[in-house]
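So the structure is just underneath, and the comments pick up after that.
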Amino acid sequence: MKGNEMAKYAKLDPIYPMYDSEKVKLYVGNSLDIVKRLPSNLIQSVITSPTYWGKRQFTNDEAEFGTEKLEDYVKRNVELYVTVLEKLKDDGSLFIIIQDTYMGSGVSRTHHNHWDHNKDPSYKREGIDSSSQGNKTSVTAHHQIIKNKSLSGIPYRIALQLVDKGYIWREQIIWEKPNPMPENVNDRLRQSAELILHFTKSGKYKFHKEFFSVKGQSGKERMENQVLIYPPEPKKGHTATFPSKLVKKLLLGTTDEGDTVFEPFLGSGTMMDLSIEYNRKFIGCDINPNFVEKCISRLKGRLL
Ligand SMILES: C[S@@+](CC[C@H](N)C(=O)[O-])C[C@H]1O[C@@H](n2cnc3c(N)ncnc32)[C@H](O)[C@@H]1O
C-alpha cells in the first residue's frame, strides 16, 4: 500500500494496525489515539523521542507534534505519557529523549548541512518545506512571556507535570555528542547534549544494572556516570539521530525477552529493529505513513 492510501486507512480507523504479527504491531496515526486503545498493564518500556518543538515538520497533520504553540506541545506530551502510565506494567519504565528549543530561533532549515547528509544524498530528510526538511511554522519566533534567546524549558515543563501526575522521575541522563551540529553563536556554549528523562511507575522497577555498570578505579564495578557519550547516528531518510548503542542499553537494562516495548514516535524504527533483534515484542506508531511503510518493508519475508 502506498503512503497516502495508508494514511486514508488510518484516518478511518486509527486502531487498525498496518502490520500485525505476534511480535510486531505498527500503526499509522496519532500516537495518543493509539495508546488509548492499548490494554492496561501491557508495556514494559517506552523508549522514545518526540519531534522537537519548532524544529521539524513531516506532514500537514494538525496532530503532528512540534508545530503547535509551546503550551500545547507540553500539554500534548504530558497527555500522551500520562495515558502511557495506565498501560505500563507496575515495574515499567519510560525514557523520553528530548532537546530544548531557544525562543526566537525561528524556522529551522539548517539541519541537513551536517554529517553525512552532504556526502550521501540518500540521507536527505523527508520534511515538507522547500528544502525537504525543517519546520515551516514560526511558532518559536516569539512568545508573550518567554523572551527571545531564552531556552523554553521544555524538558522540565514536561517532567514536572509528569511527576505531579504520578510518575517517579528517576534520572536525568545526559546524552553528550562529541560531534554536535555546528552553531553560529558567540555568546553561549554550543549545544552538545540532549536529555534522556527516565520515569518509572513505581519505586521498584525492572533494572538490570549490569547494562549500566563500569569498572571503577578500584577495579570494582560501579554504576556509570549520568553523562553518556555517543556520536549521533544519522538514519537514511529520517532526521532521527539517536544512536542504537545508547538506546540498546536502555532496552536491555529495563526489559527481558518477551516483554513489550512501545514507541509512540516510530520514525526510522530504531526501537523496532532492536526489539526484534533482542526478542522483545514491539508496538510502534507514526503519524507519517511513509515512515511506517519503510519499517514494514524491512519486515517483509521475516517470520515475526
Ligand atoms: C524524532 S522522530 C522519532 C525518531 C525515532 N525514535 C527513530 O528511531 O527514528 C519523531 C517522529 O514522530 C512522528 N510524529 C510526530 N507527531 C506524531 C504523532 N502525533 N503521533 C505519532 N507520530 C508522530 C514524526 O513523524 C517523526 O517520525
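Throughout, read-outs are computed from the coordinates displayed, never taken from laboratory work. As the structure is a computational prediction, the values presented were derived from the model and not from experiment. Don't worry about glycine lacking a Cβ; one is built from the backbone with ideal geometry, like all the others, and counts go over all protein chains shown.
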Whole-number D in µm² s⁻¹ for segment 174-304, Kirkwood Cα-pair radius fed into Stokes-Einstein, 10 °C, 1.306 mPa s: 93
- prompt: Roughly how many Å is it from the Cα centre of segment 24-96 to that of segment 135-183, as a whole number?
  reply: 16
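Which loop-located GluC sites (Glu not before Pro) does segment 240-302 contain, where loop means any DSSP state but H, G, I, E or B and the Cβ has at most 12 other Cβ atoms within 10 Å?
Numbers: sites: Glu257, Glu277, Glu293; in loops: Glu257.
Filter output for segment 240-302: Glu257.
Evaluate the charge dipole of segment 186-304 about its Cα centre and quote only its size in Debye, nearest 20, assuming +1 on the Cβ of each Lys and Arg and -1 on the Cβ of each Asp and Glu.
On the way: 20 positive and 14 negative charges, 37 e Å.
That gives segment 186-304 a dipole magnitude of about 180 debye.
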task: Order these peptides, 40-48, 144-152, by their mean beta-carbon neighbour count within 10 angstrom, highest first.
output: 40-48, 144-152
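Note down the net charge around Glu277, summing +1 for each Lys or Arg and -1 for each Asp or Glu among other residues with Cβ under 15 Å from its Cβ.
Details: positive: Lys23, Lys245, Lys248, Lys249, Arg280, Lys281, Arg298, Arg302; negative: Asp256, Glu257, Asp259, Glu263, Asp273.
Once all neighbours under 15 Å are counted, the net charge is +3.
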task: Could you check the simple spin-label distance between Asp90 and Asn60, using points 7 Å along Cα→Cβ, in nm with one decimal?
output: 5.0
field: Residue-span extension gain [Lys209 to Met223] - 0.36 nm each, minus C-alpha spacing
entry: 4.3 nm
query: Using modelled backbone amide H atoms (1.01 Å from N, in-plane), which distant-in-sequence or interchain residues come within less than 5 Å of Tyr27's amide H?
result: Met18, Gly284, Cys285, Asp286
- prompt: So what are the ³J(HN,Hα) numbers for segment 285-302, from phi and the Karplus equation (6.51, -1.76, 1.60; θ = phi - 60°), rounded to whole Hz, Gly and Pro as x?
  reply: 8, 8, 6, 9, x, 5, 5, 5, 4, 4, 5, 4, 5, 6, 8, 4, x, 9
Relative contact order %, segment 12-94, counting alpha carbon pairs below 8 Å whose residues are six or more apart: 34
field: Residue-wise HN-Hα coupling along segment 35-40, computed from phi with Karplus coefficients 6.51, -1.76, 1.60 (Hz; x: Gly, Pro)
entry: 5, 4, 8, 6, x, 5
message: Using each residue's phi in segment 169-179, evaluate 6.51 cos²θ - 1.76 cosθ + 1.60 at θ = phi - 60° and report the 3J(HN,Hα) Karplus result to the nearest Hz, with x for Gly and Pro.
response: 8, 7, 6, 10, 7, 10, 8, 9, 9, x, 10
query: Taking H as built 1.01 Å from N, whose amide H comes closer than 5 Å to the amide H of Ser202, not counting residues under 5 places away?
result: Gly92
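With r defined as the distance between the Cβ atoms of Tyr230 and Asp256 and R0 fixed at 25 Å, what FRET efficiency is calculated, to the nearest 0.05?
On the way: r = 24 Å, r/R0 = 0.95.
The calculated FRET efficiency here is 0.55.
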